[in-house]
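First comes the structure, then the notes that go with it.
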Amino acid sequence: ISGSIRLMTRHEYMRYLKPKALLALIAGYLVWSLCFVLLYSLLSVGCEAGWHQSRLLGINLLSWLLVGTWLLHVGAGVWLVREAGRREPELSSQSGHFIQRVTLLLHVTALAAMVWIGLPILGLPPCA
């Protein structure tokens, strides 16, 4: 193969097919999907149960629950981004560096998606 591009060896390829490595690759979007489902589930259950009518420190209880859930997930996303940025690639080859950069990029985009889906919680009343 010409140039600086090198294909992964069979051993390197099999290393990235391990469940732990694949989980590390998609962890950010797993956290995002859990955040998405929990926020919409809490909103639906909370509106039906009347949690938006109870107040705590001048803010309705449902908003507190939604903001807390959202911030917990955003914190997990920030942690994933920080860890992906600090972690050295498992393989010192170009393939290892590529996988590490892709993992970091996926975590950053998942974090941006988590921030985006939670922004309406800060400005809109629930159950309106």
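The values are calculated or read from the model by the stated rules, or taken from the named source; none is laboratory data. None of these values were measured; they are calculated from a predicted model. Heads up, the Cβs are rebuilt from the backbone with ideal geometry, glycines too, and the neighbour counts pull from every protein chain shown. When the accessible area is computed, the model is the full protein with side chains, heavy atoms only, and any ligands, DNA or RNA have been set aside. Shrake-Rupley method; radii C 1.70, N 1.55, O 1.52, S 1.80 Å.
Brief remarks follow.
- Here Val108 and Ser44 are evaluated by their C-beta separation; at R0 = 35 Å the FRET efficiency comes out at 0.75.
- Built amide H within the under 5 Å cut-off of Asn60, gap 5+: none
- For a modelled paramagnetic label at Cys127, 7 Å from Cα along Cα-to-Cβ, the residues of the stretch 58-75 in reach, with backbone nitrogen under 16 Å, are 58-67.
- With all protein chains in place and ligands, DNA and RNA left out, the 1.4 Å accessible area ranks Tyr40, Tyr29 as Tyr40, Tyr29, largest first.
- Put a dot 7 Å past the Cα of Gln53, heading toward its Cβ, do the same for His11, and the two dots end up 6.8 nm apart.
- Cα gyration tensor shape for the stretch 18-125, rounded if a/c is under 1.5, else prolate or oblate: prolate
- Difference of contour (0.36 nm per residue) and Cα-Cα distance, Trp116 to Phe36: 27.7 nm
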